[in-house]
Amino acid sequence: MMVSASKERLSESGLPMILAGWGDAAAGCRHEHASGLEELSCVGGHGDGAGRLRSQLSFRGEERKAQANERLQHVVLFWLKEPGNGEHRRQIIEASESFREIPGVRALRVGEAIPSDRGIVDDSYDVGLLVTVDDRQALQAYLDHPIHVAARDRLLPPLVERAVVYDFQQRRSPGR
């Protein structure tokens, strides 16, 4: 029996620990990591171990899918003291990129505002940041992390006139 799974950040869900706990049932299983993808391949042959492992992986996959459907989005818009200053924008973007190192950050997007002629679009800000975390606890851990605190308390005050934050919970219908 062949069991195979491929998921982003599968190891964060404890896959190596699952394998370690299966002992002989996981013999013949290979866990690899390449280019941000985790892959597990198992060839059965030790009783129903591969079947039980497949069930465990299926359960973990559904659990991660449910978590992904309720992730929190943390949006921050920055207005500079010197609007349009390219060097100040670059510093904020560079510092924001370092937030990827903070445990619990699932995704991060940061960039400059896009000028628009559409009346509904507010393009008056300089830099926008979107951070995705799993839940409120992960958001608080992100906010309290030394990398974030250093940027917030040291880098931003001399550069930023105003910041606006929007936090919302992403909810998608099942199957999407």
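The values are calculated or read from the model by the stated rules, or taken from the named source; none is laboratory data. Being a predicted model, the structure only gives us computed values, none of them experimental. Every residue, glycine as well, gets a Cβ built from its backbone with ideal geometry; the counts of neighbours run over all protein chains shown.
Which one of these is modelled with pLDDT under 95 and closer than 17 Å to Arg71 by Cβ: Arg109, Arg100, Arg171? Don't jump to the end; show me each part of the working.
On the way: Arg109 fails: modelled with pLDDT under 95; Arg100 fails: modelled with pLDDT under 95.
Arg171 is the lone residue from the list that is modelled with pLDDT under 95 and closer than 17 Å to Arg71 by Cβ.
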- Query: Would a scan of the range 135-149 turn up a residue that is under 26 Å from Glu70 (Cβ atoms), touching a residue at least 40 places away in the same chain (Cβ under 8 Å), surrounded by 12 or more Cβ atoms within 10 Å (Cβ to Cβ) and over 17 Å from the mean Cα position of the chain (by Cα)?
  - Reply: no
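Please enumerate the residues belonging to the range 123-163 that are in a strand (DSSP E or B), in contact with a Phe, Trp or Tyr (Cβ under 8 Å, 6 or more places away or on another chain) and not charged (D, E, K, R).
First, pick out the residues of the range 123-163 that are in a strand (DSSP E or B): 127-133, 160-163.
Within this subset, residues satisfying the condition of being in contact with a Phe, Trp or Tyr (Cβ under 8 Å, 6 or more places away or on another chain) are 127-129, 131, 133, 160-163.
Within the range 123-163, Val127, Gly128, Leu129, Val131, Val133, Val160, Ala163 meet the criteria.
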- Identity of the residue in the range 111-123, under 23 Å from Ser98 (Cβ atoms) and among the small types (Gly, Ala, Ser), that ends up surrounded by the most Cβ atoms within 10 Å (Cβ to Cβ): Ala113
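Of all residues in the range 75-122, count the ones that are in a strand (DSSP E or B), without any contact (Cβ under 8 Å) to a residue 24 or more places away in the chain and within 20 Å of the chain's Cα centre (by Cα). Even if it seems obvious, please write down each step before you answer.
Initial filter on the range 75-122 (in a strand (DSSP E or B)): 75-80, 107-112.
Adding the requirement that they be without any contact (Cβ under 8 Å) to a residue 24 or more places away in the chain leaves 109-112.
Filter once more, keeping what is within 20 Å of the chain's Cα centre (by Cα): 109-111.
Of the residues in the range 75-122, 3 are in a strand (DSSP E or B), without any contact (Cβ under 8 Å) to a residue 24 or more places away in the chain and within 20 Å of the chain's Cα centre (by Cα).
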- Note on the structure: Residue count, the range 124-153, condition within 13 Å of Ser98 (Cβ to Cβ) and out of contact with any Pro (no Cβ under 9 Å at 6 or more places or on another chain), comes to 9
